[in-house]
1. How much accessible surface area, in Å² rounded to 10, belongs to the heavy atoms of Ile112 with a 1.4 Å probe?
2. Each residue of segment 109-117 in turn: what ³J(HN,Hα) in whole Hz from Karplus with 6.51, -1.76, 1.60 and θ = phi - 60°, glycine and Pro shown as x?
3. Once you put a point 7 Å from the Cα of Gln27 and another 7 Å from the Cα of Met120, both along the Cβ direction, what distance in nm separates them?
4. By how many nm would the segment from Asn86 to Ser104 lengthen if fully extended, with 0.36 nm per residue of separation less the alpha-carbon distance?
5. Collect residues whose amide H, placed 1.01 Å from N in the peptide plane, falls under 5 Å from the amide H of Ser22; neighbours closer than 5 in sequence don't count.
6. Given a 1.4 Å probe and heavy atoms of the protein chains only, how would you sort Asp35, Asp44, largest accessible area at the top?
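The values are calculated or read from the model by the stated rules, or taken from the named source; none is laboratory data. The structure presented is a predicted model; accordingly, all values stated were derived computationally and were not measured. Cβ sites come from the backbone with ideal geometry, for glycine too, and all protein chains shown count toward neighbours. All accessible areas refer to the heavy atoms of the entire protein, side chains included, with ligands and DNA or RNA removed. Shrake-Rupley method; radii C 1.70, N 1.55, O 1.52, S 1.80 Å.
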Amino acid sequence: MSNLTQNFANPNNQPLVIGDFSIRQDQDGRYCLNDLHKASGGQDRHKPKYWTGLIQTKELVQEVCKGGITPLDEKQVITTIHGGNNRGTFAAKELVYSYAMWISAKFHLMVIRAYDALVMQWKINDRQSISPEQQALLHEI
């Protein structure tokens, strides 16, 4: 598995993993479509630039921008970094699902299951344990 940047949006700092690939996130929690492209098999026809140019993708970005309490701009939903160590196209979770679905039904399902597993891990790690005093009280009861 690649030693990629940790996932900043996850409270446990656990990356989204698909197969043998860790999917990077930028400081705003967007996922790297280039990492997803590699995880999907890396076929040229599935490069993120082809998906981002589709009319359907542009319409989805517009809809995601409308959603939420505060309207978002396109840069908050999808952005491309051209230089440096963290280059790539980064997109919000809703767009990750759409990109994976565009590649194939099988890859789409892999992404959904990987994200669900990550969310389940957050829930498990988020559980609070009880103190020794609470344990003793429960034992007495």
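1. Its heavy atoms expose roughly 50 Å² to the probe.
2. Coupling constants for segment 109-117: 5, 4, 5, 4, 5, 5, 5, 4, 5 Hz.
3. That separation, rounded to one decimal, is 3.4 nm.
4. 3.9 nm
5. The list, which skips near neighbours in sequence, is Ser2.
6. Correct descending sequence by accessible area is Asp44, Asp35.
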